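The values are calculated or read from the model by the stated rules, or taken from the named source; none is laboratory data. This one's a predicted model, so the numbers in the text were calculated from it and none came from an experiment. Note: ideal-geometry Cβ built from the backbone for every residue, glycine included; neighbour counts use all protein chains shown.
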Amino acid sequence: MKEIILGTAGHIDHGKTSLVRALTGTDTDRLKEEKKRGITIELGFASLNLPDGRRLGVVDVPGHEKFVKNMVAGASGIDIVAMVIAADEGTMPQTREHLEICSLLGIRQGIVVLTKCDLVDEEWLEMVTEDVRDFLSDSFLAEAPIIPVSSHTGQGLEELIRTIAHMAYLVPDIRNTTVFRLPVDRAFSMKGFGTVITGTLISGSVSTGDTVMVYPALTQSRVRGLQVHNNNVTAAVCGQRTAMNFQGLDLSEVQRGDVIAPVDALKNTFMVDADFHYLPSNEKPLKNRTRVRFHTGTSEITALTILLDRDTLSPGEKAPVQFRFDTPMVCVRDDRYVVRSYSPVRTIGGGTILNPVPRKHKRFQDSIIEGLNHLSESGSEEAAAFHLLQAGAVGSTLSDLRLVTNLSEKQLGGILQKLLSNRTILVMDKEAKSYIHADAFTRLCYFATDYLEKFHQSHPLKEGLPKEELKSKFPSYIQPRLLNQILNQLVKDGQMVQEEEIVRLSTHKVALQVDQEALRERILAVYKEAGITPPYFREIVRTLDKGQAQAAPDVMKILIRENLMVRVKEELYFYRTSLDELQEKVVDFLLQNEEMNPTQFKEVCGGIARKYVIPLMEYFDGIHLTIRIGDTRKLRKQNPMER
C-alpha cells in the first residue's frame, strides 16, 4: 500500500491548523507560544483516516513569513498539498511564496481549500473562486479541485476527504529500493525513551536494531524503537511519518536538518552541482557569488551561488550552478532544493541536485557546462558515465556512484555491467568496487608512453627506465593497482616492453652515434687485452674526456646486453670470452681434483692478484657453476658448462 503525506500550505491565519484539527481531531499547535499568539510557529503532525481504511500522514506548516524556513522543512516529503486560502481574504503574499516553494520542491498533486466559507456569501465565494483559479492558472494547481469548507460548521469536509482519498490513488507508487534516508524535522528528549527524532522517511526502509549514522556529524547509533502514526512498529518504509528513538544518542548530537541513514551510505560535501530556476517574480538579476540560504530536506545552509556559464541570471531563467556551503551537508542526485535570498529573506528559486559530490569547478568551462546541461535531461546510464568521466584518474566507488545516480545497488549494477561491456568504463579495483572511465584510463596510458618517449630521447643509450621509477612519475593519488593495470595494458597492447624490472617503449632501440661507437670499441679493446686482470671501470673512465665519461656507463650496459662483457662485481667487468676460457680451466681442474681452494684457484688463473680471485670465485658460485663448502669449491651436480 502506498504511503502518502498530505501537507498544508498558505498564508498566516487562513485556517490551516483549524482545518487539520477538523479533519483529524488533532490540534497540531503544541507550543505554549503558539497557543498564546494563535499562530503556528513550528511544524505540526497528525494522521488522517480515509473511508477506505488507509491512513495518511499530515504535516501542518506555519504560514507567517518569519517561519517560511520551517514551512520549507515541512514541505519536504509532501505528496499532496492542501493549498489553504481564506475565502474572506483571497490570495496573499505567503500564498504565492508557498506555491512557489511547493513547485520548486516538485510537488505535483494538490487541492485548493477555500476555508472560512461560512463567513462569506455565495456571490463573494464565486468571485474568490474565480480569482483563485486565475491566480493558479500558470501553476501545477491550475486544474486542481477547489473545495469550499468551514472548519467551524463542518461544511465541505466530507467532500474534501473524498477528494483527498481519490487523489491519493493518483500519487505514483514510491519504490523502497534506494538507500534509507530520513531528514530530521524534530529532535527532543522523552523520559524513558531518551533522544527521539521525527521526520518523513523519503527513501528506503529502516527496522529496529539497525545501526544508523547521523549526518553530517557522522555519529553512529542503533535504532531502539520506531513509531508510525503513534503506533509502535518494527519497521518503517518510504513515505511514512516516522518517530525514532536511539540507543546511547545524546540530544545534543542530532538536530533539525540532520539526515539519518545507514553507516557510510552518504558522503558529506561542501558543494553541489545543480540546475537552478531563478523565479520570474524576482525583481532584479542574480549576480555570480551571491550569498543565499539553501534549503534541502529539512536543512538550511548558507551558500555561495556560482554561476558557471554567465555573470548574471535574469528573472525566469535557468542555468547550471555550483552551490558552495559554509558547513557540510548530505544529499543525493535528484533531490529538490529551495533557495531564499540572504537578506531580506524571500524565496528566489530552486531546482534539482545534479551532482551531490562534485569537484570545485572553474567557471566558463564548456565541458562542465555542456555536461551539466545534458545531465539534467539524461538517464541513469549517461549520469553514471558522466560522473566517472568527471572523476578522472581518481575514479569512483560503487557507493559514490549510488549517490550521483540515486539508484539501488541492483539497478546500478546492471548499468555498470553495460558500461563495462561496451568498454565505456573499466574496473579499477575489484575488491574496493571502484571504476574508472575509459577516457581517463587512456589519458593515463598516454602519460606513461609520453614520459617514456621523452626519457628515451634524453637517454638514448639507456635500455629503459626502472618500472618503479616510472610509477613514481604519476600523481600520488593514483592507486597502485591502477598503475599496474596501466603498465600491463601497455605491454599487452605491444606499446611497451618490460624486461625484468626495466620498461621501455617497444619502438625504442639503442643506437650508438659515431663517437659512441668509437668509445664502445675502445672500451672493448681494453678488456680484450686485459683478459682476466682488467682494470676497474672507474680507472678507464678517468682516461676519457667529459662527454665520453658521461656516456661510458651506458655503453658498458650495451656491451653487457650484447653479452660481450660480464659484470662480476661493482666496477669490475670481464670480457666474456676471457671469462669463458677461465671457466673451462676451472671445470677441468675440478673434474680431475673434485675440489679447489683459493690458492689452487689462483694458480689455475696464472697467479692473478687476490682482488680478482675472490670476486671470480664468488661469481662462479653465483652462476651455480661451483658450490662453496668451507674454504673449498666443488662443482655443482649439473652440466658444468651451463651458465
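Laid out as a table, the results:
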read-out	value
Members of the stretch 308-328 found to be without any contact (Cβ under 8 Å) to a residue 60 or more places away in the chain and among the hydrophobic types (A, V, I, L, M, F, W, C), listed by number	L313, A319, V321, F323, F325
Residue in the stretch 58-73 that is surrounded by fewer than 23 Cβ atoms within 10 Å (Cβ to Cβ), modelled with pLDDT under 85 and not in a helix (DSSP H, G or I) present	yes
From F455, F441, residue being surrounded by 18 or more Cβ atoms within 10 Å (Cβ to Cβ) and either without any contact (Cβ under 8 Å) to a residue 40 or more places away in the chain or not in a helix (DSSP H, G or I) (or both)	F455
Filter result for the condition that a residue is surrounded by 15 or more Cβ atoms within 10 Å (Cβ to Cβ), out of contact with any Asp or Glu (no Cβ under 6 Å at 6 or more places or on another chain), under 23 Å from A393 (Cβ atoms) and of a type in the set (S, T, Y), over S476, S472, S434	S434
Pairs where the first residue, in the stretch 343-362, is free of Cβ contacts under 8 Å to residues at least 12 places away in the same chain and the second is in a loop (DSSP other than H, G, I, E, B), C-beta under 9 Å, 6+ apart	K362/L308
The stretch 591-603, residues that are without any contact (Cβ under 8 Å) to a residue 40 or more places away in the chain and either in contact with a His (Cβ under 8 Å, 6 or more places away or on another chain) or surrounded by fewer than 17 Cβ atoms within 10 Å (Cβ to Cβ) (or both)	Q592, N593, E595, N597, P598, T599, Q600, E603
Count of the stretch 271-307 residues which are without any contact (Cβ under 8 Å) to a residue 40 or more places away in the chain and buried (at least 21 other Cβ atoms within 10 Å of the Cβ)	2
Options V228, V233; residue that is under 20 Å from G204 (Cβ atoms), surrounded by fewer than 22 Cβ atoms within 10 Å (Cβ to Cβ), touching a Leu at 6+ places or on another chain (Cβ under 6 Å) and not polar (S, T, N, Q)	V233
So L266, is it touching a residue at least 24 places away in the same chain (Cβ under 8 Å) and closer than 30 Å to N373 by Cα	yes
